[in-house]
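J.: I have a structure here, written as structure tokens, and I will follow up with some questions on it.
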Amino acid sequence: MREVQAVLFDMDGILADVAQSYRAAIVETAAFYQVTVTQDDIARQKAKGDANNDWVLTQRLLASHQVDVSLEEVTAKFEELYQGTSTSEGLWTKERLIVPTGLLAEIARRCPLGMAVVTGRPRKDCEKFLKTHGLVHFFRACVCMEDGPPKPDPFPVRQACAVLGVDPGDTLMVGDTVDDVRAALAAGSVPIAVLTPEEEARLTLIRTGGDTNGGHGIGSHLVAAGAKTVLRPGLAELLNWVPTMSSGADSMVVGAGKRRKASGGCGVPGPTRAATVSRKTKETAISASIDLDGDGNNVEVHSGIGFLDHMLTALGKHARFHLRLSCQGDLEVDDHHTAEDCALALGEAFDQALGVRKGIARFGSALCPLDEALARSVVDISSRPHAEVHLKLQREKVGQLSCEMITHVLQSFATAARLTLHVDVLRGANDHHKAESAFKATALALRQAVARDDSAFVPSTKGGFCRERAGGM
């Protein structure tokens, strides 16, 4: 395969989780006409192909139940549900971002000719999602419904390549349907398929024997259509298909609202490893900044949840980071959005501050006691986000932070920071002590992992990095 110059992304199922928005609009539109349509019905239609337009797909599903409704009527009802009215909230508000912004920033850094969105959405819906999630600056082009024939026609892929000024053969087209794969092949791009979160969950049920409905096997359809590979949701594995830029290349790492010059080629990281991230959603407004080369004395956290402040302060101080975080969240609802979004913002800031993952120790591990409690944390800054967190907490809450969210904070941080994290409480009786020892152990492990190591950039046995060293990535 030729060297990748640009990456094209479908939006729905790749960047945006639309199970509760577009796909829910299909289900609810059908219900309005007294027809029952399930998410599995939709997935089966998508697997067959020629199902890029959800208005047309909804009409087709109604017709299969002998309901004759014009496309105009179907579209009007669908749009009422999706966009909302003066008295009802639109389903678009339930969309969530699947891919960490730090990962998008790294992919953008590796693409000399940039990235584009190639979607069947109307332009207003595409732009709304990008603006809502702070993604506009990542994409040099957006090809949408109004621009021409939909996938599987090759036009959208070719049009995006024309705007970027790239040969289709030097691009990856990342999508979740056979229409995406067929459009990519017809245009001359390399098709990379991805499972949606719902399909991955279904496959997990099948593997564990918990699925009673079989499964429609979208992965096999994608491969049969010509996909080069099928990735898991979140796109962490996509980095294996987009190698780091050639030696001497100078690129811009695009962060949330800021740009940071990245060192090129095999140079060690620059002197500044700091970043600031802002996140604003309907539930929270957050500003998070981090400096990985601090001394732990400049840490200030104001989340509105006292115990969360305590844990994140411990993380910053014992990792020897400068860390500042402020959040205004919907605590009148509960602690979930605030705790999760604070962890995601902090993880994104960590990822952006780290920048090019070279010249670091990469691995870190630590044991940390707090009175009767003992916790172990192991970190691998691998660009492969995964978290195993087992804290053995027994209470419902510690302070105003629910114990389930204490675990989720560590998991969310690891996902957004693009690192592998294993945290285990080995013993303990007091839940406050167990949680605090876990966060402190994680801080100590992070401190080791981000330490500069000019002798071996990113240690890896994959052969795709500057210098190979024991401990395979």
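J.: Report, by residue number, each residue of region 293-315 that is modelled with pLDDT of 95 or more and either part of a loop (DSSP other than H, G, I, E, B) or not assigned by the TED database to the domain that holds Gly355 (or both).
T.: Ser303, Gly304, Ile305
J.: How about region 420-438: which of its residues are in a loop (DSSP other than H, G, I, E, B) and touching a strand residue (DSSP E or B) at 6+ places or on another chain (Cβ under 6 Å)?
T.: Scanning region 420-438 gives a single hit, Gly428.
J.: From the list Arg44, Arg60, Arg109, which residue is part of a helix (DSSP H, G or I) and closer than 30 Å to Asp170 by Cβ?
T.: Arg109
J.: For Met11, only one of the following conditions fails: (1) outside the structural domain of Leu222 (by the TED database); (2) hydrophobic (A, V, I, L, M, F, W, C); (3) touching a Cys at 6+ places or on another chain (Cβ under 7 Å). What is its number?
T.: Just one mismatch for Met11, condition (1).
J.: Among the residues of region 369-386, write down those that are crowded, with 18+ Cβ neighbours inside 10 Å and assigned to a strand (DSSP E or B). So that I can check it myself, show each step before the final result.
T.: Keep residues of region 369-386 that are crowded, with 18+ Cβ neighbours inside 10 Å, which gives 370, 373-383, 385.
If the condition is that a residue be crowded, with 18+ Cβ neighbours inside 10 Å and assigned to a strand (DSSP E or B), then Leu370, Ala373, Leu374, Ala375, Arg376, Ser377, Val378, Val379, Asp380 are the ones that fit.
J.: Considering (1) over 20 Å from Ala349 (Cβ atoms); (2) polar (S, T, N, Q); (3) buried (at least 16 other Cβ atoms within 10 Å of the Cβ), say which one Gln394 fails and leave the rest.
T.: Just one mismatch for Gln394, condition (3).
J.: Moving on to the next point. Limited to region 313-336, what total is found for residues that are under 30 Å from Asp453 (Cα atoms), aliphatic (A, V, I, L, M) and in contact (Cβ under 8 Å) with a residue 40 or more places away in the chain?
T.: Matching residues across region 313-336 total 3.
J.: Are there any strands (runs of 3 or more DSSP E) wholly within region 199-287 with 1 or more residues that are at pLDDT below 50, and if so which?
T.: 251-254, 259-262
J.: Now for a separate question. Scanning region 46-76 for residues that are within 24 Å of Asp10 (Cα to Cα) and hydroxyl-bearing (Ser, Thr, Tyr), which turns out surrounded by the fewest Cβ atoms within 10 Å (Cβ to Cβ)?
T.: Thr75
Quick grid of which residues meet (1) modelled with pLDDT of 95 or more; (2) in the same structural domain as Leu446 (by the TED database); (3) more than 26 Å from Glu300 (Cβ to Cβ):
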| residue | (1), (2), (3) |
| --- | --- |
| Arg320 | yes, yes, no |
| Ser326 | yes, yes, no |
| Val356 | no, yes, yes |
| Arg362 | no, yes, yes |
| Leu367 | yes, yes, yes |
| Asp371 | yes, yes, yes |
| Lys392 | yes, yes, yes |
| Cys403 | yes, yes, no |
| Ile406 | yes, yes, no |
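J.: What number of residues within region 342-368 satisfy the criterion of being assigned to a helix (DSSP H, G or I) and in contact with a Cys (Cβ under 7 Å, 6 or more places away or on another chain)?
T.: Going through region 342-368 one residue at a time, the tally reaches 1.
J.: Checking the structure you have, find out if any residue of region 340-356 is closer than 27 Å to Glu106 by Cβ, polar (S, T, N, Q), within 25 Å of the chain's Cα centre (by Cα) and surrounded by 24 or more Cβ atoms within 10 Å (Cβ to Cβ). Before you say what the answer is, go through the steps one by one.
T.: First, pick out the residues of region 340-356 that are closer than 27 Å to Glu106 by Cβ: 340-356.
If we keep only those that are polar (S, T, N, Q) too, we end up with 352.
Subsequent filtering for residues that are within 25 Å of the chain's Cα centre (by Cα) retains 352.
Among the residues that remain, those that are also surrounded by 24 or more Cβ atoms within 10 Å (Cβ to Cβ) are: 352.
Within region 340-356, one or more residues are closer than 27 Å to Glu106 by Cβ, polar (S, T, N, Q), within 25 Å of the chain's Cα centre (by Cα) and surrounded by 24 or more Cβ atoms within 10 Å (Cβ to Cβ).
J.: Which residues, counting only those in region 63-106, are free of Cβ contacts under 8 Å to residues at least 40 places away in the same chain and in a loop (DSSP other than H, G, I, E, B)?
T.: Passing the criteria: Ser64, His65, Gln66, Val67, Asp68, Val69, Ser70, Thr85, Ser86, Thr87, Ser88, Gly90.
J.: Also: Exactly one of (1) part of a helix (DSSP H, G or I); (2) within 21 Å of Glu199 (Cβ to Cβ) is unmet by Asp50. Its number?
T.: Against the list (1) part of a helix (DSSP H, G or I); (2) within 21 Å of Glu199 (Cβ to Cβ), Asp50 comes up short only on (1).
The values are calculated or read from the model by the stated rules, or taken from the named source; none is laboratory data. Note that the structure is predicted; figures quoted are calculated from it, not measured. Reconstructed Cβ throughout: ideal geometry from the backbone, glycine too, with neighbour counts over all protein chains shown.
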